[in-house]
Amino acid sequence: MLPIIKAIAAEYSVTDGPDDEGEMFDRPALPSDRFPSPYPNSKAAAATNNGAVPPDLSLIAKARVGGPDYLYGILTGYAEPAHDIELLPGQYYNKYMPGNVLAMAPPLSEGIVAYEDGTPEHVSQYAKDVSHFLMWAAEPKLEARKAVGVKVFLFLLVFAGIMYRVKKKIWANAH
Ligand code: HEM
């Protein structure tokens, strides 16, 4: 686990418990905690977002067909509405949203976050980073699992070679 992830998680506070006295208590968050919701409940979420409830993003990269590609598409897919689509107030046209209408204002805009290493500060770069992060958040062990998979295949390949030689040796004198 990257220390930076632990540090970012610790900036948030989560409710845990109950403790030995039966009381709930707040503590700094760990990477294994759920993302704390900025809203107390879904009604409050809808009330502050024009009637639409924002989805929980913690597993969204696995919950949608296309995963991170879908997220990248949504984040970069805002455009002028196609001529036959009428938008109500608070609705936005998005090329990649199924149905093309979305009740989320574009969350990213050019130059919104400064990169210290000179990475271009464009929406497409931000969208790549956010989608990449959300894929990691949805399945943090993916890379480790795939690395083990490669090692297992290499082992099986070598083992098959050894077994082949053993078989040849054992059956060498059988006519
Ligand atoms: C970069 C950060 C964000 C990402 C990656 C993101 C991602 C998404 C995605 C993928 C959807 C489509 C829902 C689906 O597939 O079911 C969505 C919907 C929505 N998002 Fe965001 N979002 C972000 C930031 C925000 C922010 C800052 C707000 C509010 C201030 C917001 C409010 C909403 C709402 C209200 C919807 C529901 C839209 C509807 O039902 O039509 N999002 N978001």
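The values are calculated or read from the model by the stated rules, or taken from the named source; none is laboratory data. In this text the structure is predicted, and so the values were computed from the model without any measurement. Backbone-built Cβ (ideal geometry, glycine too); neighbour counts: all protein chains shown.
Based on this model, can you work out whether Pro38 counts as near the ligand (Cβ under 10 Å from one of its atoms) and out of contact with any helix residue (DSSP H, G or I) (no Cβ under 7 Å at 6 or more places or on another chain)? For Pro38, the condition - near the ligand (Cβ under 10 Å from one of its atoms) and out of contact with any helix residue (DSSP H, G or I) (no Cβ under 7 Å at 6 or more places or on another chain) - is met. Does the stretch 72-91 include one or more residues that are in contact (Cβ under 8 Å) with a residue 60 or more places away in the chain and surrounded by 13 or more Cβ atoms within 10 Å (Cβ to Cβ)? There is no residue in the stretch 72-91 that is in contact (Cβ under 8 Å) with a residue 60 or more places away in the chain and surrounded by 13 or more Cβ atoms within 10 Å (Cβ to Cβ).
Annotation note: of Gly73, Gly77, Gly67, the sole residue that is touching a Lys or Arg at 6+ places or on another chain (Cβ under 6 Å) and either under 22 Å from His122 (Cβ atoms) or in the same structural domain as Leu102 (by TED's automatic domain parsing) (or both) is Gly77.
Contact map, the stretch 100-112: residues that are in the same structural domain as Glu86 (by TED's automatic domain parsing) and closer than 14 Å to Ile85 by Cβ paired with residues that are within 7 Å of the ligand (Cβ to nearest atom) and not in a loop (DSSP other than H, G, I, E, B), Cβ distance under 9 Å, separation 6+ or inter-chain. Pairs shown: Leu102/Ile74.
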